[in-house]
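The values are calculated or read from the model by the stated rules, or taken from the named source; none is laboratory data. Since the model is a prediction, treat every value here as computed from it, not as a measurement. Cβ coordinates were reconstructed from backbone atoms using ideal geometry, including for glycine residues, and neighbour counts include every protein chain displayed.
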Amino acid sequence: MAKRVPEGPPPAQVVQKVRLRYTKRGRLRFTSHRDFARAFERALRRAQVPMAYSAGFHPHPKISYIGAAPTGVASEAEFVEIGLQCQVEVETLRKALDQALPDGIDVIEAVAVAAEGAGSLAERMQASQWRVELPGVDPHELEKALEAFLIQPEWPVERLTKDGKRTLDARGPVVRAEAEGTTLNLIVRITVPTVRPDDVLTALASVGGLTYPAVPVASRLAQGPLDGTSVLDPLAADRG
Amino acid sequence: MTAERLRTAYVAGRYGRLRRPRGLRTTGSAVALGSVTAPESLFPKLEALLPKVSKPIQYVGGELNARSKDWESVSVRWALMYPDAYEVGLPNQGTQILYEVLNEREDALAERTYAVWPDLEALMRENGFSQFTVDNHRPVGAFDVLGVSFSTELGYTNMLTAIDLAGFPLHAADRGADDPIVVAGGHAAFNPEPIADFVDAAVLGDGEQVVGTITDLIRDWKAEGQPDGRDGLLLRLAATGGVYVPRFYDVTYLPDGRIGAVTPNRAGVPARVQKHTVMNLDEWPYPKTPLVPLAETVHERMSVEIFRGCTRGCRFCQAGMITRPVRERSIQGIGEMVEAGLNATGFEEIGLLSLSSADHSEIAQITKQLADRYEADRVSLSLPSTRVDAFNIDLANELSRNGRRSGLTFAPEGGSERLRRVINKMVSKDDLIRTVATAYGNGWRQVKLYFMCGLPTETDEDVLEIASMAHDVIRAGRQASGSKDIRCTVSIGGFVPKPHTPFQWAAQASPEVVDERLRKLRAAINADRSLGRSIGMRYHDGEPSLVEGLLSRGDRRVGAVIEAVWREGGRFDGWSEHFSFERWTRLAAASLEPLGVDLAFFTIRERDADEVLPWDHLDSGLDKQWLWDDWQDALSEFEQDDCRWTPCFDCGVCSNMGTDIQIGPTGRSLLPLALASGQLRAPVVAQTRPPAPASDHSHG
């Protein structure tokens, strides 16, 4: 028997790429990456975005997700890139997508780039800027713990993953860490595996004896190229 | 202040125990009585627990198309519960329909609540935290009604958890005027006797209209100042003849443990309670805007119920018996629902639901026209519940035009032709082999065959015929496809006799008998190794079926078992990792022994013609004599036709309920989109230039 192939013409190619910055705010910070991906693909359909698709019996829309914040962590700076089969006006696209997504997942920027030669967005993501609210923490204890942490050349912490416990260095990738009352501001290089805010909190507990009377809430404020101790706009190069 | 607002204010005090009225409302005016102010959202407290539980997204709400109404703007508030995990409960059609129907009313609101997983339950108990709705995180105890939809009896323990977490008494008899009315619905509510201690009321049949009746009665009762308290309201509900209030009926028992009689114990309560039937589905196009969750759930598609009811007459099938008569949605009604629903959700799949979808009088036109309409949008179609015949292969081919042809499922249900006559599932072995050969010949790689084990009159030989059928399927499939790369999966479930079916009198097979037959079947399938290796066999052991049997055909005495199991930690009984057969049997023995009955009494015992069944006072429309005659026909292997194509055989439903069959064909087609749905499909994202001609994009 002959192998079946899909009927009809092959799918249209990508003629335009759009890079989007979106947020995970409020209660929607509990959205996992998989949850977001499903919601995003449905939003593309509701907004009738002219997506380009891969070929085959199960065509997939051309979407690249870039380094998502962990479940439970809020973010002002998540990124995704989509491939379109025709040119669109990006601000109209942004508004339509924003409207099609639940409140809290807000599309706040859209930049069009050429289909070829735009460079990889993922490679520009060198560091993240985090703000961690630590309600109920004693500011002096926080300062002390931070000092004790920062003089270490490295500080291993354990993280519980699906595959068991894993040890990683929570100190090395930390570029900057400052306390401001009960708020902790961090700039952390994106490494493999990535050090997350909760790893730094675990380190502050083990190196400086810091305790957390209430559940800390972390937010990503920015991610992009690292310039000294600042995180730059990753879409600056595309704005032309 | 409007009259409506005044009426709401009149029932002040109800929520005072949950929260103090807001400062603004405590001044001396009439408004001050408005302690019907919305209970405070529990979300800030919940938020602190969420980082500690698995899949927190299921508890936060905020789904696309969720409704959020102002608490104070309405007089009747429903909490709707599907008593299973969010991932199973959210897609439930019944709950979504009632959620929309109630929220469309000016005077009512509905919010949803689901069973919380044990990890969150433990944290909630530690923190004194109430069962909450996911819409606005309000405490369930603050609502007027807790409506629970039971597709299966295995959700009973989860209802008890929710009531207990909500903080009001587990037993209906102990509740006060200000506690929610607990109303059970869904198929399992056709015998709510096992949960009679815990529910205030039960409703049989279609819920769309009766939720309105209940809302009206509650609104008026509240407006009048709750006359005669809780019983006053329940009496009004019972007096409609369509709401069953268990406490208004006394049950007596004979010395041998059987029921003597079930009789109303006060005036104004009918001897029998009728089921509800919605006629003309086109007038009820719900859900119009289905919920789209962020969390992953078991079904993620735009489901349209293409008809309700089924008169195929399969004798084991409770759904087919209690949902009669057949009422089709028209091809145009279906087309409009699909179009509006896809636009509202962005789903990639359309599910055409019913008890036997290929039986819609215009199913070929519906599938072809939907496939044509949505081909370019990459929306796929699925058609669960299909029959075994060649027509269905054509349908399946149409549905998979551009999709991979992976698997097709057929349900012969019984292993031998004799047994299929007993259960009234008219499929000959030759037809089945011809059908699956066609499927393999059309490029389908896998066929799944569904059977039941433990059916009335079943012998080892009946079950062993499944093996020879599966062998023949593989032989025919290899020949038709010219390939050895095909598979057949035999999937087997244990049969549970259900109320309101001809098998309601039957003895359920014991788990030992079922498990032994399945062991022999496995050996017979593998006896021919060259064929056997293309055949997979999936089955569940017989133990959970026995407990399901107890809960299905139990009476009020079974309530003690449910409560004992729940008190010992029984939760999520539909999940094998949570279900404990040992616990159920041990506590059934302990709870039932003092009452002079046991697990066997309710399950493996055959009933006589004259026995009063626990659900006889609940009227599904089916004539008990007709059911008994059909049971006798089953035992003499005599088949019954479908009343859609042969004369009425007097099952009793239409004459008792004043209903009639509503089927096509209408001879119409899906309307052109411009006419059907106006502007709906105008593109939202403006294109700055028209799409280039196809040749520019071609891969060549």
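Observations on the model:
- Within the stretch B:246-300, the set of residues being under 30 Å from B:LEU599 (Cβ atoms) and exposed (fewer than 15 other Cβ atoms within 10 Å of the Cβ) comprises B:ASP250, B:THR252, B:LEU254, B:PRO255, B:ASP256, B:GLY260, B:ALA261, B:THR263, B:ASN265, B:ARG272.
- Residue that is surrounded by the most Cβ atoms within 10 Å (Cβ to Cβ), among those in the stretch B:409-454 that are among the basic types (Lys, Arg) and touching a residue at least 60 places away in the same chain (Cβ under 8 Å): B:LYS425
- Test: residue in the stretch A:42-64 that is within 24 Å of B:PRO51 (Cα to Cα), crowded, with 20+ Cβ neighbours inside 10 Å and touching a helix residue (DSSP H, G or I) at 6+ places or on another chain (Cβ under 6 Å): no
- Look at (1) crowded, with 23+ Cβ neighbours inside 10 Å; (2) assigned to a loop (DSSP other than H, G, I, E, B) and you find that B:VAL338 fails only one, number (2).
- For A:ASP233, the test of being under 21 Å from the mean Cα position of the chain (by Cα), surrounded by 15 or more Cβ atoms within 10 Å (Cβ to Cβ) and farther than 28 Å from A:GLY119 by Cβ is failed.
- Residues located in the stretch B:309-320, provided they are buried (at least 22 other Cβ atoms within 10 Å of the Cβ) and outside any loop (DSSP other than H, G, I, E, B): B:GLN318
- Subset of the stretch A:20-57 (residues that are β-branched (Val, Ile, Thr) and either outside the structural domain of A:VAL90 (by TED's automatic domain parsing) or touching a residue at least 60 places away in the same chain (Cβ under 8 Å) (or both)): A:THR23, A:THR31
- For the stretch A:38-67, a tally of residues being closer than 25 Å to A:VAL231 by Cα and in contact with a strand residue (DSSP E or B) (Cβ under 6 Å, 6 or more places away or on another chain) returns 4.
- Of all residues in the stretch B:488-533, those satisfying the criterion of being among the β-branched types (Val, Ile, Thr) and either over 30 Å from B:LYS624 (Cα atoms) or buried (at least 20 other Cβ atoms within 10 Å of the Cβ) (or both) are B:THR489, B:VAL490, B:ILE492, B:VAL496, B:THR501, B:VAL514, B:ILE525.
- Residues in the stretch B:343-362 that are outside any loop (DSSP other than H, G, I, E, B) and surrounded by 23 or more Cβ atoms within 10 Å (Cβ to Cβ) were compared, and the one that is modelled with the lowest pLDDT is B:SER357.
- Residue in the stretch A:114-130 that is buried (at least 19 other Cβ atoms within 10 Å of the Cβ) and more than 24 Å from the chain's Cα centre (by Cα) present: no
- Residue-level check: of (1) on the phi < 0 side of the Ramachandran plot; (2) without any contact (Cβ under 8 Å) to a residue 60 or more places away in the chain; (3) not β-branched (Val, Ile, Thr), B:ASP228 misses just (1).
- Exactly one residue among B:VAL304, B:VAL298 is modelled with pLDDT under 95 and either in the same structural domain as B:LEU353 (by TED's automatic domain parsing) or under 16 Å from the mean Cα position of the chain (by Cα) (or both), and that residue is B:VAL298.
- Restricting the stretch B:534-591 to residues that are part of a helix (DSSP H, G or I) and among the basic types (Lys, Arg), the residue that is surrounded by the most Cβ atoms within 10 Å (Cβ to Cβ): B:ARG553
- Exactly one residue among B:VAL463, B:VAL447 is at negative phi and assigned to a helix (DSSP H, G or I), and that residue is B:VAL463.
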